[in-house]
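The structure appears below as structure tokens.
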Amino acid sequence: MNFSLTDDQLQIQEAARRFATENLRSLARELEEKGEPVPATWLAKYAELGFLGVNLPEEYGGAGMSHLEALLVLEEFAKISSAVAMPVFESSFGPVLAIERFGGESLKRRVLPRVCSGQLIVAV
């Protein structure tokens, strides 16, 4: 069995690593010191770069990738801090997946695109 990442997976992992290491260290320190969530301006940057809803279907604003790609992004952000990784987690796993799998179409269309664009965080 081959457990190597594909070229596409390596590219998204590297993009997430580069963004996180170059941009999120000082933000993480600030958030941890103040006990605050990631600001909306940063959520918009996450979304613009495709780091939110990585594994959600494209029809709802996601990237349509697999859970593995979502975990690769999450891992790179979490290497910096759980504070900056939480929006990635919340946009790809937990209640968002429950909505995507079991929610009615109107709920999916109302919630999921807003999560993928950084306008809404759905959390437990």
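Values in this text are rule-based calculations from the coordinates and carry no lab data. Small disclaimer: the values here were computed from a predicted structure and weren't measured. When we count neighbours, we look across all protein chains shown, and the Cβ atoms used for this are built from the backbone with ideal geometry, even at glycine.
Mind checking whether some residue in segment 98-109 is surrounded by fewer than 19 Cβ atoms within 10 Å (Cβ to Cβ) and closer than 25 Å to GLN13 by Cβ?
No; the residues of segment 98-109 include none that is surrounded by fewer than 19 Cβ atoms within 10 Å (Cβ to Cβ) and closer than 25 Å to GLN13 by Cβ.
Identify the single condition in (1) in a loop (DSSP other than H, G, I, E, B); (2) in contact with a helix residue (DSSP H, G or I) (Cβ under 7 Å, 6 or more places away or on another chain) that VAL115 does not satisfy, given that it satisfies every other one.
Here VAL115 clears every test but (1).
So how many residues does segment 38-87 have that are over 10 Å from the mean Cα position of the chain (by Cα), closer than 18 Å to VAL111 by Cα and in a helix (DSSP H, G or I)?
The qualifying residues number 6.
Quick check on segment 1-46: of everything there that is surrounded by fewer than 14 Cβ atoms within 10 Å (Cβ to Cβ) and among the β-branched types (Val, Ile, Thr), which residue is nearest to SER117 (Cα to Cα)?
Going through the qualifying residues, I end up with THR41.
Does LEU97 count as assigned to a helix (DSSP H, G or I) and under 13 Å from the mean Cα position of the chain (by Cα)?
So LEU97 passes the test.
Quick one: in segment 47-97, which of the residues that are touching a Cys at 6+ places or on another chain (Cβ under 6 Å) and of a type outside the set (A, V, I, L, M, F, W, C) is surrounded by the fewest Cβ atoms within 10 Å (Cβ to Cβ)?
GLY61
Between a residue in segment 7-32 that is in contact (Cβ under 8 Å) with a residue 40 or more places away in the chain and any residue that is of a type in the set (Lys, Arg), which pairs come within a Cβ distance under 7 Å, given they are 6 or more apart or on different chains?
What qualifies is ALA20/LYS79.
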